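Below is one structure; the comments refer to it alone.
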Amino acid sequence: MTDVVLPCLNEAAALPWLLARMPAGYRPILADNGSTDGSLDVARRHGVRIVTVAQRGYGAAVHAGVLAADPADGVVCVMDADGSFDPAQLPLLADPVRAGVLDLACGRRRPVNARAWPPHARLGNAVLARRIRRGTGLPVHDIAPMRAARRDALIALDLRDRRFGYPLELLLGAARAGWRVAETDITYRPRAAGTRSKVTGTVRGTLRAVHDMRAVLSR
């Protein structure tokens, strides 16, 4: 059984569809970061394991979820819980890792329409991805919002960022460790109605994420 970490902050409107789309053999772990909209009730009704994460921040939620994942399978996946990604595509990322072909499989977002990925967010992502390619040689064009890796190897990277810089630190850590990294195209949809992005939903959120990521780059 492959665990799927779902960092969550007020995603109740998206969870029913997302959980219903989880493929056989994949088990969601809701890493809740203080939801007040009933997300926990939705998760409980679907029998989903919940990890309560007191420390606020995307990286804090992901880290707690990864630690809670069962080491038996070896592979752990991470994806946003806002309905923008289709869990049915998880095997596209997990299978190459499980087969030993890749150490880190990253989803490269392919938006279905302009609403899925606002221009300000796409630009910020492109700038950072280009800097990663130039600085590390990794063939990445996205900051990996959906990904798969081996749980124990991921923990061993000892990532420290607990905010929006976590995905970037992961890529930099993977490069330093000599990991085999590749991207796979994944569908990117507008997030579920009734939810709001903490990053792409506002220019302020995007700027905050870029600030966190630049802080990681400057270390």
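Assorted remarks:
- Qualifying residue in region 11-24 (condition: closer than 21 Å to Leu159 by Cα and not in a loop (DSSP other than H, G, I, E, B)): no
- Set side by side, the residues Leu123, Leu104 differ, and just one is closer than 19 Å to Tyr26 by Cβ and either modelled with pLDDT of 95 or more or open to solvent by 20 Å² or more (accessible area, probe 1.4 Å) (or both), which is Leu104.
Matching residues to (1) hydrophobic (A, V, I, L, M, F, W, C); (2) farther than 25 Å from Val181 by Cβ:
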residue	(1), (2)
Val4	yes, no
Ala14	yes, yes
Leu18	yes, yes
Leu30	yes, yes
Arg44	no, yes
Phe85	yes, no
Val101	yes, no
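- Test: residue in region 132-142 that is touching a helix residue (DSSP H, G or I) at 6+ places or on another chain (Cβ under 7 Å), open to solvent by less than 10 Å² (accessible area, probe 1.4 Å), at pLDDT 95 or above and over 18 Å from Ala64 (Cβ atoms): yes
- Among (1) at pLDDT 90 or above; (2) of a type in the set (Gly, Ala, Ser); (3) farther than 12 Å from Leu104 by Cβ; (4) open to solvent by 40 Å² or more (accessible area, probe 1.4 Å) - the single one Gly165 does not satisfy: (4)
- Qualifying residues in region 36-92 (those that are out of contact with any strand residue (DSSP E or B) (no Cβ under 8 Å at 6 or more places or on another chain) and of a type in the set (A, V, I, L, M, F, W, C)) - the one surrounded by the most Cβ atoms within 10 Å (Cβ to Cβ): Val42
- Filter result for the condition that a residue is at pLDDT below 95 and of a type outside the set (Ser, Thr, Tyr), over Trp179, Trp117: Trp117
- Qualifying residue in region 34-52 (condition: over 15 Å from the mean Cα position of the chain (by Cα) and within 22 Å of Arg110 (Cα to Cα)): no
- For region 27-52, the set of residues classified as touching a residue at least 24 places away in the same chain (Cβ under 8 Å), of a type in the set (A, V, I, L, M, F, W, C) and over 15 Å from Ala13 (Cα atoms) consists of Ile29, Ala31, Val48, listed by residue number.
- Within region 131-158, residues that are of a type in the set (Asp, Glu) sit with their Cβ atoms under 8 Å from residues that are outside any helix (DSSP H, G or I) and open to solvent by 10 Å² or more (accessible area, probe 1.4 Å), at 6+ positions apart or across chains, in these pairs: Asp142/Arg108; Asp142/Arg109; Asp142/Glu183; Asp152/Pro71; Asp152/Gly74.
The values are calculated or read from the model by the stated rules, or taken from the named source; none is laboratory data. Because the structure is predicted, anything quoted here is derived from the model rather than measured. Note that each Cβ is placed from the backbone with ideal geometry, even for glycine, and that neighbours are counted across all protein chains shown. Ligands, DNA and RNA are stripped out before the accessible areas are found, and what is left, the full protein with its side chains, is counted by its heavy atoms. Shrake-Rupley method; radii C 1.70, N 1.55, O 1.52, S 1.80 Å.
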